[in-house]
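The values are calculated or read from the model by the stated rules, or taken from the named source; none is laboratory data. Quick caveat: nothing in here was measured; it's all calculated off a predicted structure. Neighbour counts run over all protein chains shown; Cβ positions are idealised from the backbone, glycine included. Surface areas here come from the heavy atoms of the whole protein model, side chains and all, with no ligands, DNA or RNA. Shrake-Rupley method; radii C 1.70, N 1.55, O 1.52, S 1.80 Å.
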Amino acid sequence: MISKVSILKINDSIFETVKKSIDLIGGINSYVKEGDIVLIKPNLAYPYPPPATTNPEVVESIAKLCVKAGAGQVNIGDSTSYSCKNILGYGLWSNADVIKRTKMDIAAKMSGARMIDFDMDTWKMIKIDDGIILKKAEIASSIMEADVVINVPVMKTHFETLVTLAIKNYHGIISDSYKIQFHKDDLNQKLVDIHKVVKTDLTVMDATLAMEGLGPRLGGTKKMDMIISGNDVVAIDAVATEIMGIEADRVETTRLAAAQGLGKMDLSEIKMYGLKIEDVREKFELPDVRISGIFPGITIIEGGPCIHCYGRARIFLEALKEVKNKHDISYLIVGTKPYNPDYSEVKGKVVFIGDCAIEHSTNLRNALGKRAICVDGCPPIPSVHREIDKLKGDK
Ligand code: SF4
């Protein structure tokens, strides 16, 4: 298979640009045949508008093209980052909330597609024989049963994986219990393993409004006005990364996927259509998870955390800026073996980020009682939202 990628700026409507970008790599009829069941997978990780999630207009355009091509059924589906409400009983959102708040249900309705909430649908246990980290996973039945799979990621930076593009977008096709597994170690390899059993026919990347900096949720917006299409998830990620001003081989998912034969990362082996990378290249701000000196009133103790706890600590501190001085947090402790201040030195509350910090601070936590805020988990994903929620409720 020749790896093809097209790049187009939006000069007319989003629909026309999406159509033209797919036309450049063979046209929708070369991907969707009469009667096919199509599954379109946007990024619906959060209950927030683009660029946190895929632009519904891009998804609607693709769905309309599939209907026009004679598809028997067009489905749009995803499962949000962590459906905290569903699995833990707390959290800011459920998958149903995300679908509604991103207006993806309206995009489905307008295009004649069916919206599928993966969390309310069924999962299939799939063996991944050549998986390196993930040997099996519960994958959404509707993606496994589709004749055609269309991946529709949004262009974003990501503090754990550097970028989240086509390869990372499939974290949303596995159940929450499998999302949690291997999230700390080997997340990149896990994502690549998923692509070994779910083959993508077409990827249409939403680069209308992209995210830079502290992605995937709290980064800044970057207007790109672009649609990128391709028939190879590795090639499209390589091209998109270069457009973001990052060398393709700095992204571990791209490197691993290319090395394991899932597609092409070498730009000289990718057939390009439309605009050239150098004509549209931008300099994206990279994710910054430094935590010291971000919030002057709080003493930070870093006991060697991994990137996941660094990121959540930064997210927590960013959220604190919103509650300004209406809290009495004096310390934030994070890391595998953090130093503990003497109880007598501590005024107000102390935040412990991650199971490591919690486990290594038993005496201090016991002494603090209700003044200890424990952001539990490894990595502490839903709990960070739970604690931020509580603080905001307190303000
Ligand atoms: S709890 Fe410890 S091991 Fe887990 S993500 Fe945090 S620092 Fe890493």
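Figures for the structure shown
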| item | result |
| --- | --- |
| Qualifying trypsin sites (Lys or Arg not before Pro) for region 103-198 [loop in DSSP, other Cβ within 10 Å: at most 13] | 135 |
| Label-point gap, in nm, between residue 48 and residue 362 - each point 7 angstrom along Cα→Cβ | 3.8 nm |
| Dipole magnitude (debye, nearest 20) for region 4-280, charges at Cβ of Lys, Arg, Asp, Glu | 360 debye |
| Helix-only [θ]222 nm of the chain, DSSP H runs n ≥ 4, -39500 (n - 2.57) each, per residue, nearest 500 | -9000 deg cm²/dmol |
| Unsatisfied cross-links (Cα-Cα over 24 Å) in the set 179/326; 184/370; 127/179; 103/326 | 179/326; 184/370; 103/326 |
| Choice from 104, 120, 211 with maximal GNM fluctuation in the chain (Cα, 10 Å cutoff) | 120 |
| Per residue accessible area of the chain, 1.4 Å probe, in Å² | 40 Å² |
| Rounded to 10°, Cα long-axis angle of helix 187-197 versus longest principal axis of the chain | 30 degrees |
| Inter-label distance, nm, simple model (7 Å from Cα along the C-beta direction), residue 34/residue 278 | 4.7 nm |
| Gaussian network model of the chain, Cα within-10 Å springs - most flexible of 295, 284, 316 | 295 |
